[in-house]
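To keep things clear, I will list the structure first and then write my remarks on it.
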Amino acid sequence: MKKRISALVLSVVLCLGLLSTTAFAAASTPSVTSTDGSKVIKVTGADPNALCALWGDEEFEDLLLLFYADENGVASVTVDAFKTYYVGVNGQSQDKAISVVVKDKATTPVGPSNPDRPSGGSSHGGGGGGSSVSKKVTVNSTKNGSVSVSPSYPSKGNKVTLTVRPNSGYVLDSIKVLDSKGNEVALTKEADNKYTFIMPDGKVTVDAKFVKADGSSDAAFSDVPDTHWAIKEITWAAENGIMNGIGGGQFAPDRTVTRQQLWMVMARLGGSNPADMAAARSWAMSNNISDGTRPGEALTRQQLVAILYRYAQLMGYPTTGAADTSTFPDHATVSAYAKDAMAWAVGNGIVTGTSDGRLNPGGTASRAQFAVIMYRFDQKFAN
């Protein structure tokens with residue numbers, strides 16, 4: 001009820017704000033920034049005395065503050081946590097809100113900001129001639145082991161170290177590094193679990209495969225028969241370390257997926273190996289994949305495609321090919337933050353709609369549906 005009241009109040013105030021600011025021509029594009037290590041968010045380039053709003057979550061349910069810029073179009077607010085915030089400037093609607101990541105300390109680049117709305121700062125470096133551009137080292141999804149990278153964003157000519165950690169009962173079968181053109185990069189084995197290579201020009205990917213030490217294969221799930229509609233995708237997800245069973249040889253295909261479980265999956269896909277859900281949440285927030293709220297909440301279909309869309313941008317995958325979703329009877333129920341992502345997912349065959357021809361954006365995603373969507377995403381972009 002409190003959130004509904006806040007939303008109603010905000011709608012009224014924003015309407016008033018729009019009336020009060022229309023007399024001023026927007027001379028420049030507003031910018032929302034934050035300095036690493038500081039909890040101060042600064043707004044510049046707003047209209048004089050413009051109304052601004054601060055939200056603490058990507059779905060705009062957590063309205064934190066309404067404030068005004070001064071006569072120079074400048075304002076600053078202090079927040080109480082290091083996370084991603086969303087700022088509406090000049091009384092604009094929520095879909096025009098600008099995302100800004102408030103970081104605890106300076107870190108390596110974390111990729112693009114939320115593609116569903118404008119970012120507060122430029123992603124392009126200016127000046128500083130002579131500095132090399134850091135590139136991402138991507139570790140493709142692995143099962144039964146992990147590969148950590150140091151540094152994650154090396155520059156051309158840097159020595160990169162890969163540390164291999166097989167799970168108990170497994171050994172490394174193969175490992176290779178490919179450059180942006182698909183050519184294999186020379187690896188040097190420094191120790192049983194450590195390999196190094198020299199970073200080439202452009203992005204690289206790491207492929208590693210782990211097998212059982214005794215040479216046996218992994219068993220199938222007892223609750224996923226060969227006739228199950230998602231048997232192929234569930235098998236793929238298990239074999240590639242995307243999803244594990246729940247224990248006792250079961251997969252639980254109809255059980256829902258939580259937001260924090262998705263953070264863990266995306267972190268692993270991104271080459272990280274979070275020790276726990278807290279570490280996965282930190283990865284998702286620092287890379288602007290998610291705002292980190294409601295970790296135990298069941299994942300909705302529109303949340304899933306929005307996070308996949310942001311991950312695609314982070315990894316440099318194409319985000320073109322959007323479809324016209326108006327052919328779906330419930331297209332208008334897709335939230336503003338997920339509209340572009342949903343159109344992209346439909347256009348690229350990642351989401352095809354439910355059996356009754358709907359998008360069902362607010363519906364929860366089962367583990368089987370999640371496996372299917374991740375399989376389609378991998379086949380479309382990661383291969």
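Just a yes or no: is a residue in the stretch 325-347 of a type in the set (Phe, Trp, Tyr) and not in a helix (DSSP H, G or I)?
Just the residues of the stretch 325-347 that are of a type in the set (Phe, Trp, Tyr), to begin with: 328, 337, 344.
Restricting the remaining residues to those that are not in a helix (DSSP H, G or I) gives 328.
So far as the stretch 325-347 goes, yes, one or more of its residues are of a type in the set (Phe, Trp, Tyr) and not in a helix (DSSP H, G or I).
Tally up the residues in the stretch 226-243 that are assigned to a helix (DSSP H, G or I) and either closer than 15 Å to GLN379 by Cα or among the charged types (D, E, K, R) (or both), please.
Just the residues of the stretch 226-243 that are assigned to a helix (DSSP H, G or I), to begin with: 231-239.
Keeping just the survivors that are either closer than 15 Å to GLN379 by Cα or among the charged types (D, E, K, R) (or both) gives 232-237, 239.
Total satisfying the criteria: 7.
Given the structure, is GLY241 touching a residue at least 60 places away in the same chain (Cβ under 8 Å) and either within 19 Å of VAL147 (Cβ to Cβ) or polar (S, T, N, Q) (or both)? If you could, list the steps in order and put the result at the bottom.
Values: touching a residue at least 60 places away in the same chain (Cβ under 8 Å): yes; either within 19 Å of VAL147 (Cβ to Cβ) or polar (S, T, N, Q) (or both): yes.
So GLY241 passes the test.
Is it fair to say ASP47 is of a type in the set (Asp, Glu), in contact with a Phe, Trp or Tyr (Cβ under 9 Å, 6 or more places away or on another chain) and in contact (Cβ under 8 Å) with a residue 40 or more places away in the chain? Quick ask: steps written out before the conclusion?
Working: of a type in the set (Asp, Glu): yes; in contact with a Phe, Trp or Tyr (Cβ under 9 Å, 6 or more places away or on another chain): yes; in contact (Cβ under 8 Å) with a residue 40 or more places away in the chain: yes.
Yes.
Show me the strands (runs of 3 or more DSSP E) found entirely inside the stretch 12-65 where at least 1 residues are more than 23 Å from MET285 (Cα to Cα) and modelled with pLDDT under 85.
On the way: elements: 31-34, 40-44, 51-55.
Output list reads 51-55.
Restricting to the stretch 327-339, what's the tally of residues that are of a type outside the set (A, V, I, L, M, F, W, C) and closer than 15 Å to THR354 by Cα?
5
Does the stretch 244-273 hold any residues that are within 21 Å of ASP378 (Cβ to Cβ), more than 15 Å from the chain's Cα centre (by Cα) and not β-branched (Val, Ile, Thr), and which are they?
ASN244, GLY245, PHE251, PRO253, ASN273
One line per residue, one yes/no per condition, for (1) surrounded by 14 or more Cβ atoms within 10 Å (Cβ to Cβ); (2) under 29 Å from the mean Cα position of the chain (by Cα); (3) closer than 15 Å to VAL137 by Cβ; (4) in the same structural domain as GLY316 (by TED's automatic domain parsing):
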site	(1), (2), (3), (4)
SER174	no, yes, no, no
VAL177	yes, yes, yes, no
SER180	no, yes, yes, no
ASN183	no, yes, no, no
THR188	no, no, no, no
ASP192	no, no, no, no
MET199	yes, yes, yes, no
VAL204	yes, yes, yes, no
ASP207	yes, yes, yes, no
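Could you tell me whether the stretch 359-377 includes any residue that is outside the structural domain of TYR86 (by TED's automatic domain parsing), over 12 Å from ARG301 (Cβ atoms), in contact with a Pro (Cβ under 6 Å, 6 or more places away or on another chain) and of a type outside the set (A, V, I, L, M)?
If we filter the stretch 359-377 for residues that are outside the structural domain of TYR86 (by TED's automatic domain parsing), which is where we start, we get 359-377.
Restricting the remaining residues to those that are over 12 Å from ARG301 (Cβ atoms) gives 367-368, 371, 374-377.
If we keep only those that are in contact with a Pro (Cβ under 6 Å, 6 or more places away or on another chain) too, we end up with 367-368.
Of the ones still in play, those that are also of a type outside the set (A, V, I, L, M) are 367.
The answer is yes, given that some residue of the stretch 359-377 is outside the structural domain of TYR86 (by TED's automatic domain parsing), over 12 Å from ARG301 (Cβ atoms), in contact with a Pro (Cβ under 6 Å, 6 or more places away or on another chain) and of a type outside the set (A, V, I, L, M).
With respect to ALA97, determine if the residue is at pLDDT 80 or above, closer than 30 Å to ARG301 by Cα, aliphatic (A, V, I, L, M) and not assigned by TED's automatic domain parsing to the domain that holds ALA341. Walk me through how you get there before you give the answer.
Numbers: at pLDDT 80 or above: yes; closer than 30 Å to ARG301 by Cα: yes; aliphatic (A, V, I, L, M): yes; not assigned by TED's automatic domain parsing to the domain that holds ALA341: yes.
The answer is yes for ALA97.
Any chance the stretch 166-178 includes a residue that's in contact with a Gly (Cβ under 8 Å, 6 or more places away or on another chain) and acidic (Asp, Glu)? Outline the logic, then answer.
Here is the first cut: in the stretch 166-178, the residues in contact with a Gly (Cβ under 8 Å, 6 or more places away or on another chain) are 166-167, 170, 172.
Next cut, acidic (Asp, Glu) only: none.
Scanning the stretch 166-178, I find no residue that is in contact with a Gly (Cβ under 8 Å, 6 or more places away or on another chain) and acidic (Asp, Glu), so the answer is no.
What pairs come up if the first residue lies in the stretch 347-376 and is within 18 Å of THR327 (Cα to Cα), the second is in a helix (DSSP H, G or I) and of a type in the set (Ser, Thr, Tyr), and their beta carbons are under 6 Å apart, counting only those six or more places apart or on different chains?
Filtered contacts from the stretch 347-376: PRO361/THR333.
If only one of GLY321, GLY292, GLY296 is outside the structural domain of LYS203 (by TED's automatic domain parsing), surrounded by fewer than 17 Cβ atoms within 10 Å (Cβ to Cβ), on the phi > 0 side of the Ramachandran plot and assigned to a loop (DSSP other than H, G, I, E, B), which one is it? So that I can check it myself, show each step before the final result.
Numbers: GLY292 fails: surrounded by fewer than 17 Cβ atoms within 10 Å (Cβ to Cβ); GLY296 fails: on the phi > 0 side of the Ramachandran plot.
Answer to the selection: GLY321.
What is the residue count in the stretch 304-336 for residues that are touching a residue at least 40 places away in the same chain (Cβ under 8 Å) and more than 10 Å from the chain's Cα centre (by Cα)?
So the count comes out to 6.
The values are calculated or read from the model by the stated rules, or taken from the named source; none is laboratory data. None of the values given here were measured: they were computed from a predicted structure. Glycine gets a Cβ as well: all are built from the backbone with ideal geometry, and neighbour counts include every protein chain shown.
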